[in-house]
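To start, the structure itself, in structure tokens.
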Amino acid sequence: MVTLNINGQERKVDVPADMPLLWVLRDELDMTGTKFGCGQALCGACTVHVDGQPTRSCQLSAADAQGAKITTIEGIQGKVAKAVQGAWQKLDVAQCGYCQSGQIMAAVSLLSQTPDPSDGDIEAAMDGNVCRCATYVRIKAAIKDAAQTLKA
Amino acid sequence: MLHRRILESAAPATAAAGPATPSRRGFLLGAAGIGGALVVAAHLPGEAFAAGPAVPAVVGPPDPRPNLFVRIAPDNTVTVLIKHLDKGQGIATGLSTIVAEELDADWAQVRSDFAPADSKLYPNHFFGLQGTGGSTAVANSWDELRMAGAAARAMLVAAAAAQWKVPAGEITVAKGVVSHAKSGKSASFGQLAEAASKQPVPQKVALKDPSKYVLIGDGKLHRLDHVSKTDGTAVFAMDIRRPGQLTAVMARSPRFGGTVASVDDKAARAVPGVVDVVRTPVGVAVLAKNTWAAMKGRDALKITWDDSKAEKRGSAQILAEYRDLARKPGAKAARKGDVAAAFKGAAKVVEAEYTFPYLAHAPMEPLNCVVQLTKDGGAEFWAGSQFQGIEQPTVAAILGCKPEQVKINTVWAGGSFGRRATPNADYMAEAALVAQAYKAKGTPPIHLVWTREDDIKGGMYRPLFVHRVKAGLDKDGNIVAWDQTIVGQSFMAGTPFAAMMLKDGVDATAVEGAADMEYAVPNLAVDYQMGTSPVTTLWWRSVGHTHTAYAKEAFIDELALAAGKDPVEYRLAMLKDHPKLANVLKLAAEKAGWGTPLPAGKARGVAVHKSFNSYVAHVAEVSVKDGRIKVDRVVCAVDCGIAVNPDNIRAQMEGGAGWGIGHALRGQVTLTDGLVDQANFDTFEPLRYSDMPAVEVHIVPSQERPTGVGEPGVPTAAPAVANAVLKATGKPLRDLPFAKAGIV
Ligand code: FES
Ligand code: FES
């Protein structure tokens, strides 16, 4: 039995210790907003926040996730999250949308730590998040838009 | 995909978007009241698309089955039923816009829902069965959805007229409100829905003049899925969770064409969570309580493969064989004038060979679907289903039931790029085979999941192609002769589409964009040589144009260089009979500042091409530094007829440019001794944020019928980059990906 703190709630799950957090979320807790894209830390679709840090949930075992505060797309809240999701909606960033939970989690982390990021900051924060629909132009614009909102 | 031949013969391409006249497009409307809701469907008879392949003509009394395009509910929502798959291209929004326009709905009340799988009710009028592809979704829905929207509007008006006892002609509709100015009466759609559902279906409707469009062409309209795709609530097949659901992963032959010789599944069965291991004709599946256990179980399988019929060549060997084939005469794809004589009289002859690798589609959501066998001997699917009209009969043949007993719930798909539209219903057929093999033990919902490695190694690639091109120039540099041989596999051969797309040894999808060359070349020969291999191949976003546009446009720049001409001027001189191509070329050049100086180390390149009845030109701006290239900026001009959703057209052009450039930079699937060298996004390297250029899109205003935008933004992006590199370095890029040249 593993106890996890997810979106502020204690969740007990009966899973093998090596099961990645991604599959705990998706298969055990039916929290399917976090996506499976590669399973190898190569695409960012599975990004969640672990103690505020953007983390690939496909590479974090259930055992290692114990004791940390985990936030998923279903649980993001606050000023930054609102600004980011609002900008994504305003600019119609999503195409297929499958990568976007991960993109948004990465962008929220970036702006939480660096509210006024440079182009280089954005590139460094987002380069690990693949979008096969190539929505990168709008991802960039939306991060800048959210940064503006946060300044206001 | 099944686009060009069908489109060109079927679509009244020059017809304006004006009102439908009953003589040309007679139609029947069916309506039924369900739960106080007004539901409307427009049936187009076959004649409207007469030259299409066996389009079932839907005539006769209104169909009692839920043949619905529009539902107006008492809660004032308007739901548009979408017969196509939305895999990111935004078709749910596009088709809803068309209905909402004729209905005069308020965009805020519009929703979309995927239509049930039924090829009789929801055919793609270019295919004759339900399916999405070839950038046809808007084009084939344009008439029926405008009619459905207009009919629903007329019924709402009739209901209001009856209720208010006023002439229908005095009633107006705007933004979802039905009003009568003289009496001051007004009502919402929701308030009128029930009464409207009892109105007779109009046999004739007037369609709006495009100058009156409010929603069509509105660049600020948001996508219907823009909220659900930013808060994690959009449901993809990967997210389907049914009670008692098992997950299955399949072990497939590592070599194409290999089969299972023997299996030792002892260790796999011992993995906690593994429920069963089943053998199917396509591989060995591990069923488990969750995905992790299923994957671990599969890792523990010990399988001996029979490779006697498998591909054992490497891709380098295949390429070498194709290069040889490119020197031999093939099947005739195009012939014009006297090529041999023209070469004899040419002042200069230029020759080049272009090679293109196998490419995976790698949609962000790996292939998967949920299937549950039903008590009547059929099955129910949840899938990002793209070819319902193929999947239903294919699964029915496996299960021994009727196609209509295969129920498909279509959900949002996380990309496709062609991959989910297969002539053999591959992953859904696999799921059916697994369910059937497990049946004796029960009929739980089974979620068949491909991992990324399965996807990259799993075939259905854009075929590997070789183009050998030779041109003769006169003393002024004009092209007098063009001789091209295209070598590659046919993914039409052996499929239900072969009869239509494979003629006299020529696969239309392999030579499209080459055999129908638009440049004024007086003497032309295009040949096709069919390569064969057990490696499975498939259409891939923009199909044949992925390689034909590249070979043509890159070669044209080599010729312009040989002729000492400006690439834009050189092209324009040969496009006098193709004003739309010339127009997008001029527009892109002008917006990109073609001819204006650039800082040292930077260069521009251009390319123009027609695909899927849309016209696109790209100008790419590239920096070369320390022998490495970076694409800085791309300017795109597109003519796709009436721009239904301009912002979505921009999005598709942005994505199309990224798709074209990303794969040109680093995309390739290679084989060594028949084994795929790549496995995941570390080796099959996708376009990343840092690779993406700025993209600027210019849409040509048009009053003509809308064409497609999902694919046409791809073909010219890569050759525009290659031409910029040629300009900057003097070196042509003839072998893709560019990484092979050490410049990426
Ligand atoms: S699924 Fe975790 S990084 Fe791709
Ligand atoms: S929106 Fe489709 S992968 Fe990013």
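Tell me which residues, restricted to the stretch A:58-104, are within 17 Å of residue B:236 (Cβ to Cβ), within 16 Å of ligand 1 (Cβ to nearest atom) and without any contact (Cβ under 8 Å) to a residue 60 or more places away in the chain.
A:58, A:73, A:96, A:97, A:100, A:103, A:104
If residue B:477 meets every condition in (1) in the same structural domain as residue B:510 (by TED's automatic domain parsing); (2) at negative phi; (3) of a type in the set (Gly, Ala, Ser) apart from one, which number is that one?
Every listed condition holds for residue B:477 apart from (2).
Residues of the stretch A:37-57 being open to solvent by less than 20 Å² (accessible area, probe 1.4 Å), within 6 Å of ligand 1 (Cβ to nearest atom) and under 12 Å from the mean Cα position of the chain (by Cα), which ones? Before you say what the answer is, go through the steps one by one.
First, pick out the residues of the stretch A:37-57 that are open to solvent by less than 20 Å² (accessible area, probe 1.4 Å): A:37-38, A:43-49, A:57.
If we keep only those that are within 6 Å of ligand 1 (Cβ to nearest atom) as well, we get A:37-38, A:43-46.
A:43, A:44, A:45, A:46, listed by residue number.
Which is outside the structural domain of residue B:540 (by TED's automatic domain parsing) and within 30 Å of residue B:81 (Cβ to Cβ), of B:432, B:437? Steps first, answer last, please.
Numbers: B:437 fails: within 30 Å of residue B:81 (Cβ to Cβ).
Within the list B:432, B:437, the selection yields B:432.
Exactly one of these conditions fails for residue A:89: (1) open to solvent by less than 30 Å² (accessible area, probe 1.4 Å); (2) part of a helix (DSSP H, G or I); (3) within 16 Å of ligand 2 (Cβ to nearest atom). Give me its number.
Condition (1) is where residue A:89 drops out.
Inspect all residues belonging to the stretch A:139-148 and state whether any of them is within 14 Å of ligand 2 (Cβ to nearest atom), at the interface with chain B (Cβ under 9 Å from one of its Cβ atoms) and in contact (Cβ under 8 Å) with a residue 24 or more places away in the chain.
Looking for residues that are within 14 Å of ligand 2 (Cβ to nearest atom), at the interface with chain B (Cβ under 9 Å from one of its Cβ atoms) and in contact (Cβ under 8 Å) with a residue 24 or more places away in the chain, one finds at least one in the stretch A:139-148, hence yes.
I'm trying to understand the selection: among the residues of the stretch B:80-125, which are touching a Phe, Trp or Tyr at 6+ places or on another chain (Cβ under 7 Å) and over 19 Å from residue B:214 (Cα atoms)?
B:81, B:82, B:83, B:86, B:115, B:125
Would you confirm whether or not the stretch B:286-296 contains a residue that is polar (S, T, N, Q), out of contact with any Cys (no Cβ under 8 Å at 6 or more places or on another chain) and farther than 30 Å from residue B:510 by Cα?
Within the stretch B:286-296, the subset polar (S, T, N, Q) is B:290-291.
Subset that is out of contact with any Cys (no Cβ under 8 Å at 6 or more places or on another chain): B:290-291.
Right, trim to farther than 30 Å from residue B:510 by Cα and you get B:290-291.
Taking every residue of the stretch B:286-296 in turn, at least one turns out to be polar (S, T, N, Q), out of contact with any Cys (no Cβ under 8 Å at 6 or more places or on another chain) and farther than 30 Å from residue B:510 by Cα.
Among (1) among the β-branched types (Val, Ile, Thr); (2) surrounded by 17 or more Cβ atoms within 10 Å (Cβ to Cβ); (3) more than 8 Å from every other protein chain (Cβ to nearest Cβ), where does residue A:104 come up short?
(3)
For residue A:17, all conditions in the list (1) assigned to a loop (DSSP other than H, G, I, E, B); (2) within 14 Å of ligand 2 (Cβ to nearest atom); (3) in contact with a helix residue (DSSP H, G or I) (Cβ under 7 Å, 6 or more places away or on another chain) hold save one; what is the number of the exception?
Going through the list (1) assigned to a loop (DSSP other than H, G, I, E, B); (2) within 14 Å of ligand 2 (Cβ to nearest atom); (3) in contact with a helix residue (DSSP H, G or I) (Cβ under 7 Å, 6 or more places away or on another chain), residue A:17 breaks only (2).
Go through the stretch B:301-359 and tell me which strands (runs of 3 or more DSSP E), entirely inside it, have 2 or more residues that are surrounded by 20 or more Cβ atoms within 10 Å (Cβ to Cβ).
Strands (runs of 3 or more DSSP E) meeting the threshold: B:348-356.
Which of the residues belonging to the stretch B:650-688 are open to solvent by 10 Å² or more (accessible area, probe 1.4 Å) and more than 30 Å from residue B:252 (Cβ to Cβ)?
Those that are open to solvent by 10 Å² or more (accessible area, probe 1.4 Å) and more than 30 Å from residue B:252 (Cβ to Cβ): B:650, B:654.
Within the stretch B:412-443, track down each residue that is away from ligand 2 (no atom under 16 Å from the Cβ), among the small types (Gly, Ala, Ser) and either within 14 Å of another protein chain (Cβ to nearest Cβ) or in a helix (DSSP H, G or I) (or both).
Listed by number, the residues that qualify are B:429, B:431, B:432, B:435, B:437, B:440.
Which of the residues spanning the stretch B:75-126 are in a helix (DSSP H, G or I), within 16 Å of ligand 2 (Cβ to nearest atom) and aliphatic (A, V, I, L, M)?
B:91, B:92
Restricting the first residue to the stretch A:127-138 and requiring it to be more than 7 Å from chain B (Cβ to nearest Cβ) and near ligand 2 (Cβ under 9 Å from one of its atoms), which pairs with a second residue that is outside any helix (DSSP H, G or I) and of a type in the set (S, T, N, Q) meet a Cβ separation below 6 Å and a spacing of at least six or different chains?
Listed by first residue and then by second, the contacts come to nothing, as the list is empty.
Among what's in the stretch B:207-261 and is within 14 Å of chain A (Cβ to nearest Cβ) and more than 25 Å from residue B:79 (Cβ to Cβ), pick the residue that is most open to solvent (accessible area, probe 1.4 Å).
B:243
Take the residues in the stretch A:132-152 that are within 22 Å of residue B:659 (Cα to Cα) and open to solvent by 40 Å² or more (accessible area, probe 1.4 Å); name whichever of them is farthest from ligand 1 (Cβ to nearest atom).
Restricting to residues being within 22 Å of residue B:659 (Cα to Cα) and open to solvent by 40 Å² or more (accessible area, probe 1.4 Å), the top hit is A:141.
Residues in the stretch B:160-178: is at least one open to solvent by less than 10 Å² (accessible area, probe 1.4 Å), over 36 Å from the mean Cα position of the chain (by Cα), free of Cβ contacts under 8 Å to residues at least 40 places away in the same chain and not assigned by TED's automatic domain parsing to the domain that holds residue B:423?
Yes.
Does the stretch A:119-127 include one or more residues that are buried (at least 20 other Cβ atoms within 10 Å of the Cβ) and of a type outside the set (A, V, I, L, M, F, W, C)? Can you show your working first?
Of the residues in the stretch A:119-127, the ones buried (at least 20 other Cβ atoms within 10 Å of the Cβ) are A:122, A:125-126.
So of that shortlist, the ones also of a type outside the set (A, V, I, L, M, F, W, C) come out as none.
No, the stretch A:119-127 contains no residue that is buried (at least 20 other Cβ atoms within 10 Å of the Cβ) and of a type outside the set (A, V, I, L, M, F, W, C).
If I filter the stretch A:36-50 for residues that are touching a strand residue (DSSP E or B) at 6+ places or on another chain (Cβ under 6 Å), outside the structural domain of residue A:134 (by TED's automatic domain parsing) and within 16 Å of ligand 2 (Cβ to nearest atom), do I get at least one hit?
yes
Restricting attention to the stretch B:453-507, report how many residues are assigned to a helix (DSSP H, G or I) and open to solvent by less than 10 Å² (accessible area, probe 1.4 Å). Working first, answer last.
Residues of the stretch B:453-507 assigned to a helix (DSSP H, G or I): B:453-457, B:498-501.
Those left that are additionally open to solvent by less than 10 Å² (accessible area, probe 1.4 Å): B:455-456, B:501.
Within the stretch B:453-507, residues that are assigned to a helix (DSSP H, G or I) and open to solvent by less than 10 Å² (accessible area, probe 1.4 Å) number 3.
Let's see how each residue does on (1) in contact with an Asp or Glu (Cβ under 6 Å, 6 or more places away or on another chain); (2) within 13 Å of chain A (Cβ to nearest Cβ):
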| residue | (1), (2) |
| --- | --- |
| B:645 | no, yes |
| B:653 | no, yes |
| B:665 | no, yes |
| B:672 | no, no |
| B:678 | no, yes |
| B:693 | yes, yes |
| B:703 | no, no |
| B:709 | no, yes |
| B:731 | no, no |
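Listed residues B:534, B:522; which is touching a residue at least 60 places away in the same chain (Cβ under 8 Å), surrounded by fewer than 22 Cβ atoms within 10 Å (Cβ to Cβ), within 21 Å of residue B:356 (Cβ to Cβ) and in contact with a Gly (Cβ under 6 Å, 6 or more places away or on another chain)? Before the answer, list the steps.
On the way: B:522 fails: within 21 Å of residue B:356 (Cβ to Cβ).
After applying the criteria, what remains is B:534.
Mind listing whichever residues of the stretch B:574-606 are open to solvent by 60 Å² or more (accessible area, probe 1.4 Å) and either touching an Asp or Glu at 6+ places or on another chain (Cβ under 6 Å) or charged (D, E, K, R) (or both)?
B:576, B:577, B:578, B:580, B:586, B:590, B:591, B:602, listed by residue number.
Residues checked against (1) without any contact (Cβ under 8 Å) to a residue 12 or more places away in the chain; (2) open to solvent by less than 20 Å² (accessible area, probe 1.4 Å); (3) more than 14 Å from every other protein chain (Cβ to nearest Cβ):
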{"position": "B:86", "(1), (2), (3)": "no, yes, no"}
{"position": "B:103", "(1), (2), (3)": "no, yes, yes"}
{"position": "B:109", "(1), (2), (3)": "no, yes, yes"}
{"position": "B:119", "(1), (2), (3)": "no, no, yes"}
{"position": "B:133", "(1), (2), (3)": "no, yes, yes"}
{"position": "B:137", "(1), (2), (3)": "no, yes, yes"}
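The values are calculated or read from the model by the stated rules, or taken from the named source; none is laboratory data. Here the structure is a predicted model, which means the values were calculated and not measured. Virtual Cβ from ideal backbone geometry, glycine too; neighbours counted across all protein chains shown. In case anyone asks, the SASA skips ligands and DNA or RNA and just uses the protein heavy atoms, side chains included. Shrake-Rupley method; radii C 1.70, N 1.55, O 1.52, S 1.80 Å.
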